[in-house]
Amino acid sequence: MPRPFTPKVVTANDLVEGDVIYLAHDGAWVRDMCMAWLIEDEDEAATQLALAETQPEIAVGPYLAGAKACPVGPVPTHFREVFRANGPSNRAHGKQASAPVAAHAYAKAAAHV
């Protein structure tokens, strides 16, 4: 019996800067998971992943990552994605320093993983 589909975001790494990026609803790539498109339909997720794979000049290694709705936007459902969403874990800079609201939401999500 196949497992039921759970909401996903399309994520990858930016080719030039290496940052984690997410596919937004308008087709743009964003660096904050809160602005990502939370895809709740399995066929749509497969379609968007296939489209992301056609953009190697922007996105490296796109894949679907589990996420759930939160008041600030999608948040990760797996600890690996919490780490990716928060940026480097060895010091507070980049995403951790500039997006305390998102970091707080991710931390809360991680507490429930």
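For the range 36-80, name all the residues that are buried (at least 17 other Cβ atoms within 10 Å of the Cβ) and not in a loop (DSSP other than H, G, I, E, B).
ILE39, ALA45, GLN48, LEU49, ALA52, ALA59, PRO62, LEU64, ALA65, ALA67, VAL75, PRO76
Considering only the range 31-63, how many residues are charged (D, E, K, R) and more than 15 Å from PHE5 (Cα to Cα)?
Looking only at that region, the number is 4.
Looking at the range 1-24 only, could you name the residues that are open to solvent by 90 Å² or more (accessible area, probe 1.4 Å) and either hydrophobic (A, V, I, L, M, F, W, C) or under 16 Å from CYS70 (Cβ atoms) (or both)?
Answer for the range 1-24, where residues must be open to solvent by 90 Å² or more (accessible area, probe 1.4 Å) and either hydrophobic (A, V, I, L, M, F, W, C) or under 16 Å from CYS70 (Cβ atoms) (or both): MET1, LEU15, VAL16.
Hey, any hits in the range 8-15 for a residue that's closer than 22 Å to GLY87 by Cβ, out of contact with any strand residue (DSSP E or B) (no Cβ under 7 Å at 6 or more places or on another chain), in a loop (DSSP other than H, G, I, E, B) and not aromatic (Phe, Trp, Tyr)?
Scanning the range 8-15, I find no residue that is closer than 22 Å to GLY87 by Cβ, out of contact with any strand residue (DSSP E or B) (no Cβ under 7 Å at 6 or more places or on another chain), in a loop (DSSP other than H, G, I, E, B) and not aromatic (Phe, Trp, Tyr), so the answer is no.
Give me the pairs, please: first residue somewhere in the range 64-89 and free of Cβ contacts under 8 Å to residues at least 24 places away in the same chain, second residue anywhere and in a helix (DSSP H, G or I) and aromatic (Phe, Trp, Tyr), beta-carbon distance under 6 Å, and either six or more positions apart or on two chains.
Listed by first residue and then by second, the contacts come to ASN86/TYR106; SER89/PHE83.
Please go through the range 25-35 and pick out each residue that is open to solvent by 50 Å² or more (accessible area, probe 1.4 Å) and assigned to a loop (DSSP other than H, G, I, E, B).
Within the range 25-35, HIS25, ASP26, ARG31 meet the criteria.
The values are calculated or read from the model by the stated rules, or taken from the named source; none is laboratory data. Computed from a predicted model, the values in this text were never measured in an experiment. Glycine gets a Cβ as well: all are built from the backbone with ideal geometry, and neighbour counts include every protein chain shown. Ligands, DNA and RNA are stripped out before the accessible areas are found, and what is left, the full protein with its side chains, is counted by its heavy atoms. Shrake-Rupley method; radii C 1.70, N 1.55, O 1.52, S 1.80 Å.
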